Amino acid sequence: MKSTRYIIPSLFWKPYTKLFIKGDHANWSLHWDAIELTSVCRNLGIDVIPSTNKRLMKSQCFFNMSRYELLENWKKPNCRIAFPYYHGNPAHDEGSRKMLATIQKHHREIDRIQVSCRFMEEVILATGIDSSKVFLIHIGINRRYFTPATSANKAETRKQLGIPQSAVVIGSFQKDGNGWEEGLEPKLVKGPDVFLKTLEILKADVPNLHVLLTGPARGYVKKGLERLSIPFTHRLLDDYTDIGNYFHALNGYIVSSRDEGGPKAILEAMASGVPLISTKVGQAPDLVNHGQNGFLADIEDAEALAHWTQKVLNDNALRKTVIQNGLQTAEKNDYGNQLDLWKAFMTGFVEA
C-alpha cells in the first residue's frame, strides 16, 4: 500500500493517534513480529498505518522492531518512539554496551521499550530509564501455525522429508552462521559448537540419531554433523508459517545458545508437543519450569543438554508430563492472550 494515499488525510490527524510499525526484511523474524504486533494493536482498536513514511510519522507514534536502526545512529525523534530490546548481554557484547549507552544518554526521548525476559528488564532499567517506560512482554506465539504432533502427522512429515520412521530426530531451526550465504563461520552466540558437542555425546547412546535443520547459513553445523557421521536433513523455508509442520517430525528440540531474546522456538516446540531442552538464555528461565514443561541447562553445558535430552527420550511418563504442561505454557503465551499486556504498553503511548 503506497504511503502517498495518507499524505492529505495526515494533515487532519490528531497528534499521537496513529501507530506506525516497522519490521525487518521479508520473511525474517522481526518481519513476523511486526505482523503479529499489528494484529494485536488492531484488536485493541489502535489505528495502525501500513507505511514507514517519516513525513507521516511526525507527531505520531512509531514502533521500530529493529533497535539497531534506532540506537546505532540516534537522531532526536519528531514522534513518539518505541522498540523492543530482546537480547545482548553487556558483559560480553560490545555492540550491546554501545546501544545501552545510547539509551542511557537519550532515555528521556524514548517513550516505550518492550523487553522479552527478566534478565533484559534488569539490563535496560540499569540505564536509568524510567521504569514506567519498560514493559516485560514475552515474545508470543500464534498457535494457528502450530499443532501438537501425532503419530499420523509425524509419519507423514518424515515421509515427505525422507527421514527414516525409526530415527530419533532432534530439531534446530535457526540461523547460526555469520552472513547470509553458506554460514561456515559460526555465530557463536547461537551456540552451534555447543549443539554439535551435545549431539556427539548423544550419539554414543542414540545410534539412530538424525538432525533436522531449517534456516539459512547452517554450513558450520552441517560440516560438523558430517564430521560426526550424524545424518541430517536441511530445508530452507519460503514461508515462516510452514515451520509448524517441521516440528511434527521431531522427538526433541535443543536450544544451545549463549544469548537469546526468545528464542521463538521455546514456545513453538511447546505448542507442537515437542520436548524442549534449552540453555538458560532469553525467555527460557522465565517460561521453563525444569522437569515440568521442559528442561534447562547452564550455558555451554553440553553434557547437561545431552543428559536431559536422553532422559526425556527414555522416560515415557516424564515425556507425557512435559508435553502436556508445555502445551499449556504455549497457550498462556499466545498473542491473543497478551492483549492486556499490550494494552498497558500502548496506554499513554498511542492516544485514543
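Just a few scattered comments:
- The condition (being more than 16 Å from the chain's Cα centre (by Cα) and without any contact (Cβ under 8 Å) to a residue 24 or more places away in the chain) is satisfied by just one residue among Arg218, Arg227, Arg235: Arg227.
- Taken over the stretch 2-49, the residue count meeting the criterion of being more than 23 Å from the chain's Cα centre (by Cα), exposed (fewer than 13 other Cβ atoms within 10 Å of the Cβ) and under 23 Å from Arg144 (Cα atoms) is 1.
- Test for Ser59: is it modelled with pLDDT of 95 or more, in a loop (DSSP other than H, G, I, E, B) and farther than 28 Å from Ala217 by Cβ: yes
- Unmet requirement for Ala269, which otherwise passes all of (1) on the phi < 0 side of the Ramachandran plot; (2) crowded, with 22+ Cβ neighbours inside 10 Å; (3) outside any helix (DSSP H, G or I): (3)
- Candidates Ala304, Ala249, filtered to the one that is within 26 Å of Asp205 (Cα to Cα), part of a loop (DSSP other than H, G, I, E, B) and not aromatic (Phe, Trp, Tyr): Ala249
- Going through (1) within 23 Å of Asp205 (Cα to Cα); (2) assigned to a loop (DSSP other than H, G, I, E, B) one by one, Val322 falls short only on (2).
- Test for Arg80: is it of a type in the set (Lys, Arg) and in contact with a Cys (Cβ under 6 Å, 6 or more places away or on another chain): yes
- Any hit, the stretch 193-200, residues being modelled with pLDDT under 95 and farther than 19 Å from Ala249 by Cα: no
- First in the stretch 159-184 and not assigned by TED's automatic domain parsing to the domain that holds Gln310, second anywhere and at pLDDT below 90 and part of a loop (DSSP other than H, G, I, E, B), Cβ under 8 Å, 6 or more apart: none
- Subset of the stretch 79-95 that is of a type outside the set (Phe, Trp, Tyr) and at pLDDT 95 or above - its residue that is nearest to Leu11 (Cα to Cα): Cys79
- Residues in the stretch 331-351 that are part of a helix (DSSP H, G or I) and either charged (D, E, K, R) or out of contact with any strand residue (DSSP E or B) (no Cβ under 6 Å at 6 or more places or on another chain) (or both): Glu331, Lys332, Tyr335, Gly336, Asn337, Leu339, Asp340, Leu341, Trp342, Lys343, Ala344, Met346.
- Residue count for the stretch 78-128, restricted to those that are assigned to a loop (DSSP other than H, G, I, E, B), over 24 Å from Ala34 (Cα atoms) and of a type in the set (A, V, I, L, M, F, W, C): 2.
The values are calculated or read from the model by the stated rules, or taken from the named source; none is laboratory data. Not measured: the values here are computed from a predicted model. Neighbour counts run over all protein chains shown; Cβ positions are idealised from the backbone, glycine included.
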